[in-house]
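Report on the structure given below.
The values are calculated or read from the model by the stated rules, or taken from the named source; none is laboratory data. This one's a predicted model, so the numbers in the text were calculated from it and none came from an experiment. Neighbour counts are summed over all protein chains in view; Cβ atoms, including those assigned to glycine, are modelled from backbone coordinates with ideal geometry.
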């Protein structure tokens, strides 16, 4: 496939511009990124205005962006830069109190974010080095601009006319996920006859706010999942950051959500694999699993469980993924029943249920 204008050839050094008002943080971000032989920090800016100038001079491939800066803050810079020329941007933000700003940045086109540790102790900030390097590499090949919901409430698609063949929809998504979900969820049919459960890789402190923002956009009820919450048709549950989401069927047939720290060995918590496996065990062949944009392979093992129990697995098509990692893993493993671009996902889901 021919790279688009926002993609970086793998053999090239990934040129990174660091934007942060703290000299201490700029220094440590440089040190962390210097651990990779494939990344070159070409410059650093102290605020949004300086960053806009340096982008033109230095031509970075990826930007790391603090949101809270004096003068032109990170969000102002992001909106201005995306209007000029979309560039893959990773937000590096302080603590959960800035959750709304982070969600605004993701809606404005940032591809990912990392929660900056509040203490900024040397040993703590270095813990995020591997994560930052991986996300910079993924961002360098991201497809931009990501498709986001337009202003106002989008019109849901019509419900399909086929007999219901699905009892649950489970979705796994990561890098580029907030933008994709803001596009997809409001377009699902108002009369959706099944519940939806989602695992989105996010740090703690953001999933509740994000669920609330989706709920405001959608005719469906979107909430962060709680322990023992009953699954209902037309209800969308978002797994809380830091806890696995699984299902339990009671003696009366009611299926409820269960939140747990176990298993502890998964690379992500919540894990798409854990959600998919539970859905396959509880709902069997009436499970529809969907793997969307994101780096890595979370969801592949769980998709194998879904297929083994007779369920179906859809993957977001490469053309609309911000990062074609998780869906690619599904396709290459031979587990994908259908590849669907984001623009057609709501209609495809409607037809499938």
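Could you identify the single residue in 105, 51 that is in the same structural domain as residue 26 (by TED's automatic domain parsing), crowded, with 18+ Cβ neighbours inside 10 Å and closer than 30 Å to residue 215 by Cβ?
Selected residue: 105, the only one of 105, 51 that is in the same structural domain as residue 26 (by TED's automatic domain parsing), crowded, with 18+ Cβ neighbours inside 10 Å and closer than 30 Å to residue 215 by Cβ.
Which residue out of 82, 69, 94 is surrounded by 21 or more Cβ atoms within 10 Å (Cβ to Cβ) and either without any contact (Cβ under 8 Å) to a residue 12 or more places away in the chain or not assigned by TED's automatic domain parsing to the domain that holds residue 175 (or both)?
The conditions single out 69.
How about the stretch 4-32: which of its residues are within 14 Å of residue 133 (Cβ to Cβ), at pLDDT below 95 and either assigned to a helix (DSSP H, G or I) or in contact with a helix residue (DSSP H, G or I) (Cβ under 7 Å, 6 or more places away or on another chain) (or both)?
Within the stretch 4-32, 28, 29, 30, 31, 32 qualify.
Considering only residues of the stretch 202-228 that are under 18 Å from residue 258 (Cα atoms) and within 19 Å of the chain's Cα centre (by Cα), which is surrounded by the fewest Cβ atoms within 10 Å (Cβ to Cβ)?
Checking each candidate, the answer is 204.
Only residues that are more than 22 Å from residue 241 (Cβ to Cβ) and assigned to a helix (DSSP H, G or I): list them for the stretch 59-109, please.
Passing the criteria: 76, 77, 78, 79, 80, 81, 82, 83, 84.
State whether one or more residues within the stretch 281-291 are farther than 21 Å from residue 184 by Cα, crowded, with 21+ Cβ neighbours inside 10 Å and not assigned by TED's automatic domain parsing to the domain that holds residue 134.
Within the stretch 281-291, one or more residues are farther than 21 Å from residue 184 by Cα, crowded, with 21+ Cβ neighbours inside 10 Å and not assigned by TED's automatic domain parsing to the domain that holds residue 134.
Run residue 349 past the list (1) surrounded by 15 or more Cβ atoms within 10 Å (Cβ to Cβ); (2) part of a loop (DSSP other than H, G, I, E, B) and report the number of the one that doesn't hold.
The failed condition is (2).
Name the residue, out of 266, 246, 207, that is closer than 25 Å to residue 295 by Cα and in contact with a helix residue (DSSP H, G or I) (Cβ under 6 Å, 6 or more places away or on another chain).
Residue meeting the stated conditions: 246.
Answer with yes or no whether residue 164 is at pLDDT below 75 and under 13 Å from the mean Cα position of the chain (by Cα).
no
For the list (1) in contact (Cβ under 8 Å) with a residue 12 or more places away in the chain; (2) surrounded by fewer than 21 Cβ atoms within 10 Å (Cβ to Cβ), I need the number of the one condition that residue 37 fails.
Status for residue 37: all satisfied but (1).
Among the candidates 307, 344, single out the residue that is closer than 19 Å to residue 275 by Cβ, assigned by TED's automatic domain parsing to the domain that holds residue 274 and either touching a residue at least 60 places away in the same chain (Cβ under 8 Å) or outside any loop (DSSP other than H, G, I, E, B) (or both).
The match here is 307.
Pick out the one residue from 323, 313, 340 that is surrounded by 24 or more Cβ atoms within 10 Å (Cβ to Cβ) and closer than 19 Å to residue 143 by Cα.
323
Inside the stretch 190-283, counting only strands (runs of 3 or more DSSP E) that do not spill past its ends, which hold 2 or more residues that are over 15 Å from residue 302 (Cβ atoms) and without any contact (Cβ under 8 Å) to a residue 40 or more places away in the chain?
Correct list: 221-224, 244-249, 255-260.
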